[in-house]
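**Q** The following block contains the structure, expressed as structure tokens.
The values are calculated or read from the model by the stated rules, or taken from the named source; none is laboratory data. Just so you know, these numbers come straight off a predicted model, no measurement behind them. No Cβ is skipped: glycine too gets one built from the backbone with ideal geometry, and neighbour counts run over all protein chains shown.
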Amino acid sequence: MKSYLQDMNIPPEKTTVIIQGFGNVGSEAALALYEWGAEIVGISDFTGAIYNPKGVNLKDALAYTAQNRSLQGFTGGEAVTNDELLEMPCTVLIPAALERVITGKNAAKLKCRVLAEGANGPTTNEADEIITQRGDIELIPDVLCNSGGVIVSYFEWLQNLQNYYWTKGEVFDKLHRMLAKAKSSVDETQKKYGCSRRTAALVLGISRVAEAKAKRGLFP
Ligand SMILES: NC(=O)c1ccc[n+]([C@@H]2O[C@H](COP(=O)([O-])OP(=O)(O)OC[C@H]3O[C@@H](n4cnc5c(N)ncnc54)[C@H](O)[C@@H]3O)[C@@H](O)[C@H]2O)c1
């Protein structure tokens, strides 16, 4: 995420973030971007949404949800609906709760520069077409954007096989290198085929599986 913003010459102090969903993915994404220096202007959960153009106090929001198990009653900003929150102005919009929340109805109304798919399948095909036609939103597809969790699960499997465990620093270092490589491979594929970033990520992933299957021959 940060490297996409760096590519766009958007520094942390000029980055505002709205996140739908304040669970594992949403709260960790919020914390990482907040610590980087971005302003979190909107958060939400199943009980509703909070918008604060001056910045939601993230530490307060995390402490509040830890105690109350939801954002209901949190007073760190203006209460808005979940649908309204998605259409508020921001640099980065992160749907990190549910599938199919960016739809044909709201895609034309989004006011973000980057749509980072924290959740799996948050954008419908219809919305995807509208966003591609608009051409003013950088979409980071789920398969790329939220792959960190699966990569670290793979790291856990690898470490368990060897009974040899890495430090947290080693895990993050390997993760960041793998994500940077994935980003540049997708960028190259996008340039090669002149397609969307989502199509490029899928072309790359599917062709790797096809290549591995061809090399292995008929199996089992
Ligand atoms: N946890 C992971 O490792 C991981 C990795 C990659 C992708 N994902 C995907 O990310 C998404 C979220 O996963 P999670 O693990 O953070 O789940 P979670 O259950 O921890 O959090 C979900 C959050 O969404 C909120 N929510 C539910 N309905 C909502 C609504 N209508 N409007 C706004 N917010 C609503 C919940 O209140 C909660 O805060 C899912 O699509 C999941 O498949 C998760």
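**Q** From Leu71, Leu5, Leu31, grab the single residue that is within 16 Å of the ligand (Cβ to nearest atom) and within 19 Å of the chain's Cα centre (by Cα). Explain how you work it out, then say what you get.
**A** Details: Leu71 fails: within 19 Å of the chain's Cα centre (by Cα); Leu5 fails: within 16 Å of the ligand (Cβ to nearest atom).
Exactly one residue qualifies, and that residue is Leu31.
**Q** So Glu138 ticks every box in (1) surrounded by fewer than 13 Cβ atoms within 10 Å (Cβ to Cβ); (2) among the charged types (D, E, K, R); (3) under 14 Å from the mean Cα position of the chain (by Cα) but one. Which box is left unticked?
**A** (1)
**Q** For Ser44, all conditions in the list (1) polar (S, T, N, Q); (2) within 11 Å of the ligand (Cβ to nearest atom); (3) more than 19 Å from the chain's Cα centre (by Cα) hold save one; what is the number of the exception?
**A** All conditions are met except number (3).
**Q** Among the numbered criteria (1) outside the structural domain of Val17 (by TED's automatic domain parsing); (2) free of Cβ contacts under 8 Å to residues at least 40 places away in the same chain; (3) assigned to a helix (DSSP H, G or I), which single criterion is violated by Gly205?
**A** Condition not satisfied by Gly205: (2).
**Q** Which one is farthest from Leu93 (Cα to Cα) among residues in the stretch 135-163 that are within 16 Å of the ligand (Cβ to nearest atom) and polar (S, T, N, Q)?
**A** The qualifying residue farthest from Leu93 (Cα to Cα) is Ser153.
**Q** Here's another thing I want to ask about it. Please specify each residue of the stretch 110-134 satisfying the condition of being away from the ligand (no atom under 16 Å from the Cβ), in a loop (DSSP other than H, G, I, E, B) and of a type in the set (D, E, K, R).
**A** Of everything in the stretch 110-134, those that are away from the ligand (no atom under 16 Å from the Cβ), in a loop (DSSP other than H, G, I, E, B) and of a type in the set (D, E, K, R) turn out to be Lys111, Arg113.
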